[in-house]
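First the structure, in the form of structure tokens, and then the observations on it.
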Amino acid sequence: MKRSRSGGGVEYTTVLEIRGPLLVVDRVTRVAYDELVEVETPSGESRLGRVLEVGEGKAIVQVFEGTSGLSIEGVKARFLGDTMKLGVSEELLGRVFDGLGRPIDGLPPPPAEDYRDISGEPINPEQREYPSDFIQTGISAIDVMNSLVRGQKLPVFSGPGLTHNILAAQIARQAVVPGKEEEFAVIFAALGVQNDEARFFRRSLEESGAMGRSALFLNLADDPAVERIITPRVALTLAEFLAFERDYNILVIITDMTNYCFAGDTELIFADGTVREIGAFVEEAHLKAAQALRPVSSVVSAGKGMALLSYVTPRELAHGSVLSWDGFSLRECRIQAVEKIVAPRRLLLLRTRSGASLKVTPDQRLLVDTLSGPELVRAERIRPGDELYSVERLEFRTERIPLLRLLAEREPERFFVHLRDDRVERALEGKYGSLSEACRRLNLSYERVTDSHAKRRYRLDEFLRVVEDLGWDVAEATALVDHMTADGKQRVRLREAYVTPDLTRLLGMVLSDGTVNVSDGQGAYYVSFSNRSRELVETFIDLFRRVFDGPEPQVHENSNGVTIVRFNSLIAARILLNLAKLGTPEELLRLLTLEEDHIAAFIAGYINGDGSVARGGRAVRIATRSRMRASRIQLLLKRLGVPSVIQERRSRSSFSGREVYDVVVTGPISLERLGGLVRPSHPGKRWAISVGGSRTTAERFYLGPRVVGQLLRRLRERYGLMQEDIGPSSMVSQVENLRRRVCRSTLSGWLRSLEEKARPDDPDLFALRQLIYGNYVLDEVVSVEEIEPFEEYVYDLTVEGTHKLLVANGIIASNCEALREISAAREEVPGRKGYPGYMYSDLASIYERAGRIKGKKGTITQMPILTMPSDDITHPVPDLTGYITEGQIVLSRDLHRKGIYPPINVLMSLSRLMGPGVIAPKKTRPDHGDVSNQLYASYSRAVQLRSLAEIVGKSSLSAQDIKLIEFGDLFENRFLRQGVDENRSLDESLSIAWEILSTLPEDSLTKIKPEFIKQYYKKAG
């Protein structure tokens, strides 16, 4: 890829805004559309981009490697005065490149004969020559019934989980122009594929000997999504040079030209500590965007319903940013767009060891541990035993919650503040000239706030209004309060101004083994705790008195020996309820943004009550009847960096017949961390937790990723180290040979030995360090099942920068697609299903570069492969592709389930150029067209009769109808089905066709000329 000319270009430091994958550069002059831009970070790193839009002194630059890690300060944008160009020559054949045309096969860049603009130009229609000349793929269903022609655009429409990549590789290996094999070459462009898929394509071509006449351009799933817009254009630039300058016949295969979403009840983790279901959040965002008159698009697609996409600004969202994943650490990222799409016919339900449950579309990508390291993998490829990356420690901006504001969140008019002295009155008189004027301006009751100790009281909402008006700190104002009352009684003095660890510990004890009651009908307002341990009861009383002064405990023991202590106080009960948000979707979420010591105190309080510690400290269990509360406790433990597992059971004791959810912490690393932070008041539980942390067994959450063995071996061999130099030789050997995995704590010791010898800037050392010390755990998938959606829609977000979000209990997932990402960043009015309105012309600019040119020997043939979300052929990408291209090959899920490869649905497939120009002497056989037509007619009738037989029974059909059904089975199993490495010539395919047609009565072959029947029909016997 041609980057910067030495000393060339105009440099700007006036980056105004970073918006998703785009930079907005201000005060630019003489900048051109599509101009190449070199973006330099403060650290000296260089990234490549191009100009998308220019106007009013501003340029919008698309950064191919993404804007992750960039900030406005210190970034330079160098406009190079040239468009993006690819160095082309025949030397590129046999090589492997990334999506931008840079070598990734370990060899130096190939020499370039010329540099060509990757945007290219569609072929002038006047100069086009009608495509002809048959291309043999070796696949019967294509060669006989949907013939591929030199210069044609023939896409393959597939679905999630089908064998389109295997088919693409087979076509790349086998495709030839009969008689012109030496002039044929394959350009392969893969968009958003996993590492194992990339390795498969490369190995397939190498093992078949086809690599020497092929060039691979691979954009991987972990590469920036915006790069996928460039990759096809890079591949086509090389194709145009080889075809029209070097007379090659080129087949360009592009996979995958095409959305993934979550079910509406999937929980998202926002940067402010909020956790919400994505469906409710997206619906609210759509409504606010509509009220703000921002762009919203809706369209009814044939047979599929409506899709909506809204572009949003932070002020239109209750929560404008999500927690995202950047490498091996957390990052706060802005939400750019929200989307809802009609739910597909099937979703996948993934359950993990930690208790997480995810309902996603089959093509939703999750971060999975693979032999190549962490990779974004489609859900349809995930199997039980795979491990998902999940955040180890959740990090939020912490807050201090004033008790007065907490109390005022509900019915503040019931609570009165009684002041110590007249400092508030004096301050109001100083600001407004008189107390009466202050009362008038602030809507206060003059009679209640005049200078009399008996009267000097404010309603809580009034007092907070006065404090805000005076610009006072709430803590400072709390010091002026002598006491508070509720409904004019129940005197309580707050000992602290803010939520403290004592209060959260108290809350934990109450929620586990107590009650918070606010009953206006009965006039009962109290906080209680019950336990057999007198020590815990005394701890509860002491904690309450540290926070609330005034109420006295009522203590009694029931007949079972359980001591019950109760404090009657509406103020205390309301503060605890408002903090916990019991019974709401926000239950316990406010605790997430408190300091760690507050959260640890809450967990300790909960363990005091409904917590148990197994003998020997092997596990800590926190029990609750609520699945939601269990998930919230799990998130709170993650704030402490402690992973846990949620287990469901049926209670055999006091919960009698109800489900109980245990939040279980096990393993020495987790227990040691828990014991260091959480100190339960219960002496036995406190001791048992400390014992559990001293155990030395491995912990599954902290097993080293599978790739560490390769990294260890490479580093060791690079620096001449023996296995025993870094650790026990047998253990190191087993890890390197993938026969054993060890904990990251063990790997950290090996890493220290490597660091003594390795260069500090060694990339493998850096990768190993991230894998060992990164903020993640591995969460094993325990089940994957296919389910029907329970809701009408599924939902998605576009996240700026990293394009990843955290779902469920911290699992890392990907989000958007390239065209929609660019469109969202530019805040364009969206088209169908959120794609930009110009997508038709964007696709055409790729597809129309295929064809033949008059006077040129070479040709470009395209086979783009598209995955249709939920097998929806009306999805915008395949739908628009069908208008531009000259037919389509459609893969069938029903045939795939029967085990038929390739699963080509010939009845929905079509090659519009399969006519006299192809089926002609010296090109294919004379009987080719008639055989194809007869196969279509007979197989179509067989499929209809199968459906009829399911209704009326096979016995109700005629003998001829039964013959046709048998023909349909033969057609699928003898003609369609072939091996992955089976390369059939056209003659072989036609012979198989005649073999199965000969099972039908001769007089039923109405589409074939008599002379061909006489020559090829084989009568039974």
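Label-point separation (nm) for Ile541 and Glu1011, each offset 7 Å from Cα along Cα-to-Cβ?
That separation, rounded to one decimal, is 11.2 nm.
In deg cm²/dmol and to the nearest 500, what is the mean residue ellipticity at 222 nm of the chain if only DSSP H runs of at least 4 residues count, each as -39500 (n - 2.57), divided by the residue total? Please report the intermediate quantities before stating the final value.
Details: 30 runs with 319 residues, N = 1021.
Value at 222 nm, helices only: -9500 deg cm²/dmol.
Taking θ as phi - 60°, what are the ³J(HN,Hα) couplings along the range 518-530 by the Karplus curve (6.51, -1.76, 1.60), each to the nearest whole Hz, with x for Gly and Pro?
10, 10, 5, x, 9, x, 10, 9, 7, 10, 9, 8, 9
Give the residue from Asn775, Tyr795, Leu910 lying farthest towards the positive end of the charge dipole for the chain; charges sit on Cβ (+1 for Lys and Arg, -1 for Asp and Glu) and the dipole is referred to the Cα centre.
Positive-most Cα among the choices belongs to Asn775.
Quick one: the Cα spread of the range 111-170 along its three principal axes, in angstroms, biggest first?
Answer, in whole Å and largest first: 37, 29, 23 Å.
To the nearest 0.05, how large is the calculated FRET efficiency for Arg423 and Arg618 if R₀ is 45 Å and r is the Cβ-Cβ distance?
On the way: r = 57 Å, r/R0 = 1.28.
Result of the calculation: an efficiency of 0.20.
To the nearest 20 debye, what charge dipole does the range 403-576 have about its Cα centre, counting +1 at the Cβ of each Lys and Arg and -1 at the Cβ of each Asp and Glu?
Numbers: 26 positive and 28 negative charges, 32 e Å.
Here the size comes out at about 160 debye.
Please work out the FRET efficiency for the pair Asn517 and Met908, using the Cβ-Cβ distance as r and a Förster radius of 51 Å; give the result to the nearest 0.05. Let's see the in-between values first.
On the way: r = 65 Å, r/R0 = 1.27.
Efficiency, rounded to the nearest 0.05: 0.20.
Would you please give the residues with an amide H less than 5 Å from that of Ile904, counting only those at least 5 places away or on a separate chain, with H modeled from the backbone geometry?
Residues meeting the criterion, in which the H sits 1.01 Å from N, are Ser892.
Can you put Cys439, Cys333 in order of Cβ neighbours within 10 angstrom, beginning with the fewest?
Details: Cys439 20, Cys333 24.
Taking fewest neighbouring Cβ atoms as first place, the list is Cys439, Cys333.
Please list, in order along the range 73-90, the HN-Hα scalar couplings obtained from phi with the Karplus expression 6.51 cos²θ - 1.76 cosθ + 1.60 (θ = phi - 60°), rounded to whole Hz, x for Gly and Pro.
6, x, 8, 10, 10, 9, 7, 8, x, 8, 8, 5, 10, 10, x, 10, 5, 5
Using just the alpha carbons, could you tell me how many Å³ per residue the convex hull of the range 703-774 encloses? List each step's numbers first, then the result.
On the way: hull volume 5.1 nm³, N = 72.
Value for the range 703-774: 71 Å³ per residue.
Give me the distance between the Cα centres of the range 903-980 and the range 727-783, rounded to whole Å.
Using only Cα atoms to place each centre, the spacing works out to 56 Å.
I want to check the label-to-label distance for Arg679 and Lys857. Put each point 7 Å from Cα in the C-beta direction and report it in nm to one decimal.
8.7
Which value, in debye to the nearest 20, describes the size of the charge dipole of the chain about its Cα centre when Lys and Arg Cβ atoms bear +1, Asp and Glu Cβ atoms bear -1, and nothing else is charged?
Details: 136 positive and 141 negative charges, 404 e Å.
About 1940 debye.
Averaging the inverse of every distinct alpha carbon separation and then flipping it gives the Kirkwood radius. What is it for the range 928-1016, in angstrom units?
On the way: mean 1/r = 0.0723 Å⁻¹.
That comes to 13.8 Å for the range 928-1016.
Direction-averaged shadow area of the convex hull around the Cα atoms of the range 403-576, nm²? It would help to have the intermediate numbers written out before the result.
Values: hull surface 42.1 nm².
Over all viewing directions, the range 403-576 projects a mean Cα-hull area of 10.5 nm².
Report, in debye and to the nearest 20, how large the dipole of the range 10-83 comes out about its Cα centre when Lys and Arg carry +1 and Asp and Glu carry -1 on their Cβ.
Numbers: 8 positive and 13 negative charges, 17 e Å.
Dipole size: approximately 80 debye.
Quick query: amide H of Arg19 versus all other amide H atoms, modeled in the peptide plane; which residues come in under 5 Å with a sequence gap of 5 or more or a different chain?
Under 5 Å from the amide H of Arg19: Val24.
Work from the charge dipole of the chain (Cβ charges, +1 for Lys and Arg, -1 for Asp and Glu, about the Cα centre) and give the residue of Gly161, Ala185, Tyr525 farthest towards its positive end.
Going by the Cα projections, it comes out as Tyr525.
Could you list which residues have their amide H under 5 Å from that of Phe97, counting only those 5 or more apart in sequence or on another chain, with H placed in the peptide plane?
Residues meeting the criterion, in which the H sits 1.01 Å from N, are Ile104, Leu216, Phe217, Leu218.
Can you give the FRET efficiency to the nearest 0.05 for Lys1018 and Arg739, using r as the Cβ-Cβ distance and R₀ = 35 Å?
The computed FRET efficiency comes out at 0.05.
Under the Karplus relation 6.51 cos²θ - 1.76 cosθ + 1.60, θ = phi - 60°, what is the ordered set of whole-Hz ³J(HN,Hα) values for the range 996-1010, x standing for Gly and Pro?
Listing the rounded values in order: 7, 5, 6, 7, 8, x, 4, 6, 8, 8, 7, 9, 10, 5, x Hz.
Contour minus end-to-end for Ser991 and Glu468, with contour as 0.36 nm per residue of separation and end-to-end as the Cα-Cα distance?
Gain on extension, Ser991 to Glu468, equals 179.3 nm.
Between Ser329 and Ser998, what is the label-to-label distance in nm when each label sits 7 Å out along the Cα-to-Cβ direction?
7.3
Using 0.36 nm per residue of separation minus the Cα-Cα distance, give me the extension gain between Lys581 and Ser445 in nm, one decimal. It would help to have the intermediate numbers written out before the result.
On the way: separation 136, 0.36 × 136 = 48.96 nm, distance 3.16 nm.
Contour length minus Cα-Cα distance gives 45.8 nm.
Hey, what's the per residue convex hull volume over the C-alpha atoms of the range 10-83, in cubic angstrom?
Numbers: hull volume 5.4 nm³, N = 74.
Dividing the Cα hull volume of the range 10-83 by its residues yields 73 Å³.
Need the full-extension length gain, Glu557 to Thr398, defined as separation in residues times 0.36 nm minus the C-alpha distance. One decimal, nm. Walk me through the intermediate numbers first.
Values: separation 159, 0.36 × 159 = 57.24 nm, distance 4.05 nm.
Full extension of this stretch gives 53.2 nm more.
Compare the peptides 633-640, 489-496, 410-417 by average per-residue count of other Cβ atoms within 10 angstrom and give them in order, highest first.
Numbers: 633-640: 23.9, 489-496: 15.9, 410-417: 18.2.
Going from most to least packed, we get 633-640, 410-417, 489-496.
Starting from the Kirkwood radius over alpha-carbon pairs of the range 557-680, derive D by Stokes-Einstein at 4 °C in a medium of 1.567 mPa s and give it in µm² s⁻¹.
Working: Rh = 15.7 Å.
Estimated via Stokes-Einstein, D reaches 83 µm²/s.
Using the charge dipole of the chain (Lys, Arg: +1 at Cβ; Asp, Glu: -1 at Cβ; taken about the Cα centre), state which of Val492, Gly74, Leu712 has its Cα farthest towards the positive end.
Val492
Give me the mean projected area, in nm² to one decimal, of the convex hull enclosing the Cα positions of the chain.
Numbers: hull surface 213.5 nm².
Value for the chain: 53.4 nm².
Rule-based calculations on the coordinates, nothing more; no lab input. What you see is a predicted model; the values in this text were computed from it and never measured. For neighbour counting, all protein chains shown are included, and Cβ atoms are generated from backbone atoms with ideal geometry for every residue, glycine included.
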